[in-house]
Amino acid sequence: MSASATTDSQLATITPEPGRAALSVVVPLLNEVESLPQLHTEITVALAALDLAGPAEIIYVDDGSTDGSARILQRLFESDPRVQVIQFRRNFGKSAALAAGFQAATGKLVVTMDADLQDVPAEIPSLLAPILNDEADLVSGWKADRQDPASKTVPSALFNRVVRVMTGVELHDFNCGFKAYRDEVLDELTLYGELHRYIPVLAHVRGFRVAEVAVPHRPRRYGHSKFGAARFFRGFFDLLTVLFLSQYTRRPLHLFGLIGVITFGLGFLIDAYLAFAKLVLGQPIGHRPLLTLGVLLIIVGTQFIVFGLLGEMIAHHAHISSAAAGRSTDYSIRRVLRHDQSAHD
């Protein structure tokens, strides 16, 4: 039996609750007017080949397109009852688009893909296979033969290596938009900024099983890449955010306290040496720069410890109030199109 046939038979056993889909396909997009018709056709063909026990839904999240993509999405919505459309008022970024798509998705399984036709929808069964075999909760695509210019592949390779080393998550391609998820993974993800790059890391930290599958990659046919140098700086700072959130979000004193103790200790040792030099050896120390450094290190170390204690208080308060807190969003929706409810602005 082929891998595709095995996946189909397993999909047939996944029966969603009433009002939910068996599979949700979430597609964030920005100015992809030429790609959308062909992309939707390929997704439709891919879904038709799957033996789903329940309905499928295709959720397009328009991240503030200005090229007529909204017009194409309106046509797709009118012609296909599986289509949902979420349209932002302006460009808020891919993390916001994915967050909105995840919130709208009802599928027990969720697949995300980019709208530029570089991902191949026919590979959806390959991504779902490790989840259906109970080997993973999140499967990330790996563009092993990436069809992009060196200006993208070289920095991406460096980025992936740095993330592997700093997080311990052994994936080749963290930023591939072609991924598959169990729905419970999405329930525990909070995306903002550029954190969509680190979804596998965030899932791994929560204890979910993360796997990787090699997928084909096609050259871009239409439009231009949204990739820019500024993304590296934003991505670097978001990597620091992920590392902090994954290790110290509930125990900030462990980070700031450690830095504070080391800094305070260095300052104490310096000043102890100077005190010995003054009291025992009789050396003048009033004009020595080392004295200023020692005092400064003690002060800075004390401040870091205080920061850690304040962070502990904030984290404790956030933990207590998290159950009652509502979900905040960093995006604004202009319009939602759904077949199970009236369109609203």
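For every residue, the table says whether it meets (1) among the hydrophobic types (A, V, I, L, M, F, W, C); (2) under 22 Å from ASN91 (Cα atoms); (3) at pLDDT 75 or above.
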residue	(1), (2), (3)
VAL163	yes, no, yes
GLU194	no, yes, no
GLU212	no, no, yes
SER225	no, yes, no
Discussion item. So, in segment 139-157, how many residues would count as being at pLDDT below 80 and not in a loop (DSSP other than H, G, I, E, B)?
Written reply: 8
Discussion item. Surrounded by 15 or more Cβ atoms within 10 Å (Cβ to Cβ) and modelled with pLDDT of 85 or more: is that true of VAL242 in this structure?
Written reply: no
Item to complete: Tell me, please, whether a residue that is modelled with pLDDT under 75 and in a loop (DSSP other than H, G, I, E, B) can be found in segment 258-281.
Response: no
Response to the item:
Scanning segment 10-54 for residues that are surrounded by 17 or more Cβ atoms within 10 Å (Cβ to Cβ) and either closer than 16 Å to ASP340 by Cβ or touching a Cys at 6+ places or on another chain (Cβ under 9 Å) (or both) gives PRO16, ALA21, ALA22, SER24, GLY54
Discussion item. Out of everything in segment 63-92 that is in contact with a Ser or Thr (Cβ under 9 Å, 6 or more places away or on another chain) and in a loop (DSSP other than H, G, I, E, B), what residue ends up being nearest to ASP340 (Cα to Cα)?
Written reply: ARG82
Discussion item. Testing ILE58 on (1) touching a Gly at 6+ places or on another chain (Cβ under 9 Å); (2) part of a strand (DSSP E or B), one condition comes back false. Which one is that?
Written reply: (1)
Worksheet item: Considering only residues of segment 160-176 that are touching a Leu at 6+ places or on another chain (Cβ under 9 Å) and touching a residue at least 12 places away in the same chain (Cβ under 8 Å), which is nearest to ARG218 (Cα to Cα)?
Response: ASN160
Worksheet, complete the sentence: Taking segment 117-138 and keeping only residues that are assigned to a helix (DSSP H, G or I) and polar (S, T, N, Q), one is left with SER126
Worksheet item: Does VAL201 fit the bill of being modelled with pLDDT of 85 or more and either assigned to a loop (DSSP other than H, G, I, E, B) or surrounded by 21 or more Cβ atoms within 10 Å (Cβ to Cβ) (or both)?
Response: yes
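The values are calculated or read from the model by the stated rules, or taken from the named source; none is laboratory data. This one's a predicted model, so the numbers in the text were calculated from it and none came from an experiment. Cβ coordinates were reconstructed from backbone atoms using ideal geometry, including for glycine residues, and neighbour counts include every protein chain displayed.
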